[in-house]
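Novice: Starting off with a structure, shown below.
The values are calculated or read from the model by the stated rules, or taken from the named source; none is laboratory data. The structure displayed is predicted, hence computed values, not measured ones. Cβ: placed from backbone, ideal geometry, glycine included. Neighbour counts: every protein chain shown.
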Number of protein chains: 2
Amino acid sequence: MSKGLPKRSEDYSLWYNELVKRAGLAENSAVRGCMVIKPYGYAIWEKMQRVLDDMFKATGHSNAYFPLFVPKSLFEAEEQNAEGFAKECAVVTHYRLQTDPDKPGKLRVDPNARLEEELIVRPTSEAIIWNTYKGWIQSYRDLPLLINQWANVVRWEMRTRLFLRTAEFLWQEGHTAHATAQEAIAETEQMLHVYADFAENFLALPVIRGKKTPNERFAGALDTYCIEGLMQDGKALQAGTSHFLGQNFAQAFDVKFATREGGLEHVWGTSWGVSTRLMGALVMAHSDDEGLVLPPKLAPIQVVIVPIYKGEEQLAQISEKVLGLKKQLEAKGISVKYDDRDTERPGFKFAEWELKGVPVRIAIGGRDLENGTAEVARRDTKEKSSQQFDELVNLVPALLDEIQENVFQKALAFREANTTKVDSYEEFKRVLDEKPGFVLAHWDGTPETEERIKEETKATIRCIALDSPEEDGVDMVTGKPSKRRVYFARAY
Amino acid sequence: MSKGLPKRSEDYSLWYNELVKRAGLAENSAVRGCMVIKPYGYAIWEKMQRVLDDMFKATGHSNAYFPLFVPKSLFEAEEQNAEGFAKECAVVTHYRLQTDPDKPGKLRVDPNARLEEELIVRPTSEAIIWNTYKGWIQSYRDLPLLINQWANVVRWEMRTRLFLRTAEFLWQEGHTAHATAQEAIAETEQMLHVYADFAENFLALPVIRGKKTPNERFAGALDTYCIEGLMQDGKALQAGTSHFLGQNFAQAFDVKFATREGGLEHVWGTSWGVSTRLMGALVMAHSDDEGLVLPPKLAPIQVVIVPIYKGEEQLAQISEKVLGLKKQLEAKGISVKYDDRDTERPGFKFAEWELKGVPVRIAIGGRDLENGTAEVARRDTKEKSSQQFDELVNLVPALLDEIQENVFQKALAFREANTTKVDSYEEFKRVLDEKPGFVLAHWDGTPETEERIKEETKATIRCIALDSPEEDGVDMVTGKPSKRRVYFARAY
């Protein structure tokens, strides 16, 4: 199955694309830049959604749904936001097709069905949502308003890549309104920590929690927080963002509330989102030249069992044992696939489930039947061992926990090994080329210096870590004073 | 809260719209014909989704996701389907906005960013999905292919109505491919029965399972099956459809498979869907002049508990008891809201939860504390009774089951009382006006007669019931022979 999967060391980018397709996660579609998320990929996304949704609800949020389209006049109401997204908007201009008079059997846009006002396919929903909030918020009693939406959004991208950058993608977007700046900032930070917990405890991806520089902020935000992970090629990937919007959208859409004291004030807003981009992070952070390596908590199939048999009678004996085990494991909430297809050989099945990243593989053959054993193989370390069959019901759950932890620790060790402190621009450039990863360097805090470094090295400031210690230093380019190091990297 | 809700008997349509808004289900948005699904409404939709999704998976289906856009050339490939939807398509023609040179601060479509090929916002996804299936299906081993998608779709409607008819709506659409016609028909029928089970056992809505006449078929289908429910105003509502597509889409998109015997054949297809329209059915079938009546299985809050107290101390005593009960009920999987707001009076709270259709309300006051009792009120029958507090943990689950059953039985009795057999056209018209509901009449099987009846009476053939008995008769309009009665009604 995995025959011919390119090697990470030879062409990381090609390896990624091929792996995403061959493992059944996604593929390109007939629509420029839009992907098809295939059943196996979607099953992983569904697991992510379920976990995140539970986290959002546990922190007091409710789901709702707002229109796909944003009328142009609403879209342009918050100017910074509009300007930030204007260049990547898909625009609906007509609402009807008609038979093409010149081409029998073909259709064309009906020139008489032009919309009075163009509709933007939402690239993000602040505009339509804040316009709605105007009707929902009158008094401090209506606050905080804590809403999340699961939706598709469209950002017209010229260079696209499965999961990482697609014209249409799936995401969730939280939009909240608060009575005070302080409360809105607390919400922004809370959701950043929710994302970080999800990344570390489910994706098994260690992340830096930080703030973006003004240059890299979400269009219309006063502050953008982010989590940043490191991929195996040493590039960073922004895995989630949480924005403090101040009163920008409340002002643009005139959303005011009567305070407890009898005043009338604009509300304070936040928004925060993660997307199917997380699927890309999942693949890039952990997988290897044989295929996906899935952290057990997000694996649609956690255990696959392959019978190795000669003849129907032996298969029946194996199946009886296996189906009993399967039931026991499923009762513990573990998803188990018994692959008893008679159309494929065991070696083919092994390779296929390796490619698909199933964390634990159990094989059981004639000798095992005699000995009451089974062969247990871990996807992450590729270790195999012979185990007592009767022990599997206890061993497997513990093994899944161990794999989850190991995948995280491996990614953490990788990040630590590829995070370098540098003090000169020469060293900075050398490290980026020779040992790519996060580079911790001093920065003078100006957009000009940041821009210059970006142009000269393609590295950007990923974030100013929330836990970064104060440290006197000087900017590696300008020599101006700096109070702390920031995280640089080339990024997806 | 419910003050001023219009009465069903006076203006059913206004009652419906006001109820949907005031109960917090949905509202109109700034985008013509598109609605905002509010948190309480969305919570009901999420419950529907969860139940249906489990049913789809239990019948072997997997979820996937396909692009929002359909290139025009793909859209027009299956001609019947394209023709059927052409008049209600939102069309994306441009992919960028720019600053309007004539209006500072405003944006306009960038005339240089016109798409080479227009993109249709999917009104349904057969075209884009079958184009994808071409790459997924080569051999009989790839069949059946059983996929479902949860998505938004857009059909440009001129006269819209919350949930029932909106330009954008949420739905699921199943798309399956099979090796034989027989297998595809079995799938079409299976999914119809899944929908009917869902309608009856969760929505508490009795439905007629039937087939559409050729006139009313889905564009591109050989056969359309449907479930039809009856609303309280005597109008029918189509609550779900399942289509046997024959080889139409396989031919249009050239999807062939190598048979087991070595041949090469087009595959057979089905598609099936239900939408947020079900929310409209839910409201219209059961609710009353005080507000929603929700079947317990779909109620986001199944039990609300309201304390009636004088002073903090009494509240503390009540709260202690209530929180214990809440925990016990939640352990049984029941969702409980303890409404201890100090900003509203009990009477206000009662009216609010009535409006929102919470199936069971428990009130507990000072006298109850002394007596170890509580007042239990059912939303469906409005019956109130005093119960031993300690019995509630057993009584409430049974009561919820009883309410679920009662809501269904009430709707069933209504349908039976409003289904009339008629044998003459005069009687048909009289019944439609005087006792609207389902009218069972003979029909000669021709589209012409069907069309004439529709024009003259606004009633359509809702379906030919799957279980309709053979009965010799004559068409009430033409006098031509007929072998069975069909279901007529005016419909949403």
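Novice: With (1) in contact with a Ser or Thr (Cβ under 6 Å, 6 or more places away or on another chain); (2) assigned by TED's automatic domain parsing to the domain that holds residue A:354; (3) of a type in the set (A, V, I, L, M) as the list, and residue A:461 as the residue in question, which single condition is left unmet?
Specialist: With (1) in contact with a Ser or Thr (Cβ under 6 Å, 6 or more places away or on another chain); (2) assigned by TED's automatic domain parsing to the domain that holds residue A:354; (3) of a type in the set (A, V, I, L, M) applied to residue A:461, the lone miss is (2).
Novice: Considering each residue of segment B:54-74, count those that are farther than 27 Å from residue B:197 by Cβ and either surrounded by 19 or more Cβ atoms within 10 Å (Cβ to Cβ) or touching a helix residue (DSSP H, G or I) at 6+ places or on another chain (Cβ under 6 Å) (or both), and give that number.
Specialist: Qualifying residue count for the region: 7.
Novice: Limited to segment A:360-395, what total is found for residues that are out of contact with any strand residue (DSSP E or B) (no Cβ under 6 Å at 6 or more places or on another chain), closer than 24 Å to residue A:290 by Cβ and of a type outside the set (A, V, I, L, M)?
Specialist: Here the count works out to 7.
Novice: Tell me, which helices (runs of 4 or more DSSP H) wholly within segment B:359-435 include 1 or more residues that are more than 26 Å from the chain's Cα centre (by Cα), at pLDDT 95 or above and under 23 Å from residue B:208 (Cβ atoms)?
Specialist: Because the criterion is at least 1 residues that are more than 26 Å from the chain's Cα centre (by Cα), at pLDDT 95 or above and under 23 Å from residue B:208 (Cβ atoms), the helices (runs of 4 or more DSSP H) in segment B:359-435 that meet it are B:425-434.
Novice: Something else now. Working carefully through the options B:56, B:75, find the one that is under 23 Å from residue A:276 (Cβ atoms) and not hydroxyl-bearing (Ser, Thr, Tyr).
Specialist: Selected residue: B:56, the only one of B:56, B:75 that is under 23 Å from residue A:276 (Cβ atoms) and not hydroxyl-bearing (Ser, Thr, Tyr).
One line per residue, one yes/no per condition, for (1) assigned by TED's automatic domain parsing to the domain that holds residue B:154; (2) charged (D, E, K, R); (3) closer than 30 Å to residue B:216 by Cα; (4) modelled with pLDDT of 95 or more:
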| residue | (1), (2), (3), (4) |
| --- | --- |
| B:1 | no, no, no, no |
| B:17 | yes, no, yes, yes |
| B:39 | yes, no, no, yes |
| B:50 | yes, yes, yes, yes |
| B:56 | yes, no, yes, yes |
| B:66 | yes, no, yes, yes |
| B:85 | yes, no, yes, yes |
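Novice: Quick one: residue B:182 ticks every box in (1) in contact with a helix residue (DSSP H, G or I) (Cβ under 9 Å, 6 or more places away or on another chain); (2) free of Cβ contacts under 8 Å to residues at least 40 places away in the same chain except a single one, so which number is it?
Specialist: Here residue B:182 clears every test but (1).
Yes/no matrix, rows are residues, columns are (1) more than 9 Å from chain B (Cβ to nearest Cβ); (2) of a type outside the set (Val, Ile, Thr); (3) in contact with a Ser or Thr (Cβ under 7 Å, 6 or more places away or on another chain):
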position: A:8; (1), (2), (3): yes, yes, no
position: A:14; (1), (2), (3): yes, yes, no
position: A:19; (1), (2), (3): yes, yes, yes
position: A:25; (1), (2), (3): yes, yes, no
position: A:31; (1), (2), (3): no, no, no
position: A:35; (1), (2), (3): no, yes, yes
position: A:48; (1), (2), (3): yes, yes, no
position: A:58; (1), (2), (3): yes, yes, no
position: A:62; (1), (2), (3): no, yes, no
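Novice: Given the structure, is residue B:471 surrounded by fewer than 17 Cβ atoms within 10 Å (Cβ to Cβ), part of a loop (DSSP other than H, G, I, E, B) and either over 25 Å from the mean Cα position of the chain (by Cα) or hydroxyl-bearing (Ser, Thr, Tyr) (or both)?
Specialist: Answer is yes for this residue.
Novice: Right, something else. Collect the residues in segment A:75-112 that are touching an Asp or Glu at 6+ places or on another chain (Cβ under 8 Å), part of a loop (DSSP other than H, G, I, E, B), at the interface with chain B (Cβ under 7 Å from one of its Cβ atoms) and crowded, with 17+ Cβ neighbours inside 10 Å, keeping them in residue-number order.
Specialist: Across segment A:75-112, the qualifying residues are A:95, A:96.
Novice: Take the conditions at pLDDT 95 or above and of a type in the set (D, E, K, R) and apply them to residue A:159. Does it pass?
Specialist: no
Novice: Could you list all residues from segment B:57-81 that are among the small types (Gly, Ala, Ser) and over 26 Å from residue B:144 (Cβ atoms)?
Specialist: Correct list: B:73 only.
Novice: Related question: Residue pairs, Cβ under 8 Å, 6 or more apart or interchain, first in segment A:57-81 and among the β-branched types (Val, Ile, Thr), second assigned to a helix (DSSP H, G or I) and at pLDDT 95 or above. List them.
Specialist: A:59/A:190; A:59/A:191; A:59/A:194; A:70/A:127; A:70/A:128
Novice: Now for a separate question. Name every residue in segment A:327-349 that is surrounded by 18 or more Cβ atoms within 10 Å (Cβ to Cβ) and assigned to a helix (DSSP H, G or I), in order of residue number.
Specialist: A:329, A:349
Novice: Of the residues B:160, B:166, which single one is touching a residue at least 12 places away in the same chain (Cβ under 8 Å), farther than 27 Å from residue A:26 by Cα, assigned by TED's automatic domain parsing to the domain that holds residue B:24 and surrounded by fewer than 20 Cβ atoms within 10 Å (Cβ to Cβ)?
Specialist: After ruling out the rest, the residue left standing is B:160.
Novice: Tell me the residue from A:392, A:440, A:412, A:466 that is in contact (Cβ under 8 Å) with a residue 12 or more places away in the chain, within 30 Å of residue A:328 (Cα to Cα) and not assigned by TED's automatic domain parsing to the domain that holds residue A:230, please.
Specialist: A:392
Novice: Could you grab the pairs with beta carbons closer than 9 Å, sequence gap of 6+ or different chains, first residue in segment B:185-202 and within 12 Å of residue B:229 (Cβ to Cβ), second one among the basic types (Lys, Arg)?
Specialist: B:195/B:209; B:196/B:209
Novice: What tally of residues in segment A:113-165 results from selecting those that are more than 10 Å from chain B (Cβ to nearest Cβ), among the hydrophobic types (A, V, I, L, M, F, W, C) and over 30 Å from residue A:14 (Cβ atoms)?
Specialist: 3
Novice: Please tell me if residue B:452 is surrounded by fewer than 19 Cβ atoms within 10 Å (Cβ to Cβ) and touching a residue at least 12 places away in the same chain (Cβ under 8 Å).
Specialist: It is true that residue B:452 is surrounded by fewer than 19 Cβ atoms within 10 Å (Cβ to Cβ) and touching a residue at least 12 places away in the same chain (Cβ under 8 Å).
Novice: Looking at residue B:41 and the list (1) assigned to a helix (DSSP H, G or I); (2) surrounded by 24 or more Cβ atoms within 10 Å (Cβ to Cβ); (3) at the interface with chain A (Cβ under 7 Å from one of its Cβ atoms), which single condition is not satisfied?
Specialist: Result: residue B:41 fails condition (3) only.
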